[in-house]
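The values are calculated or read from the model by the stated rules, or taken from the named source; none is laboratory data. This is a predicted model, so every value here is computed, not measured. Glycine also receives a Cβ, built like all others from the backbone with ideal geometry; neighbour counts cover every protein chain displayed. SASA here: full protein model, heavy atoms, side chains in, ligands and nucleic acids out. Shrake-Rupley method; radii C 1.70, N 1.55, O 1.52, S 1.80 Å.
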Amino acid sequence: MNLFQRLVQQQQSQQLSLDQSFDYHIKRMRRKTIALHVLPDASVEVRAPKWVPKYEIVDFVEQRSDWIVEQRREALARLALEPTLQQGQYHPYLGQRYPLHIIEGARAQVSFSDSVIVVSVRDKNNPAQIEKAMNRWYRQEAEAIYEERLFACFESFPGWFQDKYVMPEVTVRKMRRRWGSCSSRGEITLNLSLIKMPVECIDYVITHELSHLEEFHHGKTFYRLLDHVMPDWRERELLIEDLS
């Protein structure tokens, strides 16, 4: 039995009542069917058409309660595997995991040296200080690396594309369900958590969003352009899904 399976069993025995009694949020949308989603934080979201009465939604959820319970157990088990902000814990960065080395210093800062993430804070026993320093470091790294990879990805497009479009700036922010987006004005936003993924995943998301400058949809011409610029994009997409 592996660690994940043991954690699932622990959730079943220790948190049975928690798992089996759950709340859910109803999100009314322009869609034709009802859909259930157990989010990474183990919360439950029901996406339903605006016209569906609430009693139908309740009935839909009740009929699928066993599936929801199982999905929540797995989500809780995954949460239990997330690294803590303690000495020696491994944290993701560019597709690899590196240990934290926490020291006390005059000011909060993080550096990456010899495959170790060195975190300097005033009080090394204060998780809030460590988390704040780590979040700031991830953002700084994301802003620098995304800009570097944006330039490299833009250069991989055909000459006509580079002549037609100006390389956009990138906005970095936390996103719950998307790795990236491109607005109708050509503004590209990338998920902060993408900095934890391998560079090939970062390049895939950037190239995908750059392709929307020419093809603002997911039709055949969009994928024809993506195939031309990044022939192995499907493998990269699968990789990012596996690591998510």
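Data for the structure
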{"read-out": "Listed residues V121, W67, H228: farthest to the positive end of the dipole of the chain (Cβ charges)", "value": "W67"}
{"read-out": "Centroid-to-centroid separation of the range 20-43 and the range 107-153 [C-alpha atoms, Å]", "value": "34 Å"}
{"read-out": "Identified option (computed Kirkwood radius over Cα pairs in Å; candidates (1) 20.4; (2) 21.0; (3) 17.7)", "value": "(2)"}
{"read-out": "Whole-percent carbon and sulfur share, accessible surface of the range 108-244, 1.4 Å", "value": "48 percent"}
{"read-out": "Close Lys-Lys pairs in the range 96-244, where close means Cα under 28 Å and separation is 8 or more or interchain", "value": "7"}
{"read-out": "Share antiparallel - DSSP beta bridges, the chain, percent rounded to 5", "value": "50 percent"}
{"read-out": "Selection of GluC sites (Glu not before Pro), the range 172-212, meeting DSSP coil and at most 11 other Cβ within 10 Å", "value": "none"}
{"read-out": "Charged-residue dipole, Cβ positions (Lys, Arg, Asp, Glu), the chain about Cα centre, Debye nearest 20", "value": "860 debye"}
{"read-out": "Of the trypsin sites (Lys or Arg not before Pro) in the range 124-213, those whose Cβ has at most 11 other Cβ within 10 Å and which sit in DSSP loop", "value": "K174, R176, R177, R178, R185"}
{"read-out": "Dipole magnitude of the range 108-165, debye to nearest 20 (Cβ charges: Lys/Arg +1, Asp/Glu -1, about Cα centre)", "value": "280 debye"}
{"read-out": "Accessible area per residue, Å², the chain with all protein chains present, probe 1.4 Å", "value": "61 Å²"}
{"read-out": "Positive-end residue of L243, L150, T207, charge dipole of the range 92-244 with Cβ unit charges", "value": "L243"}
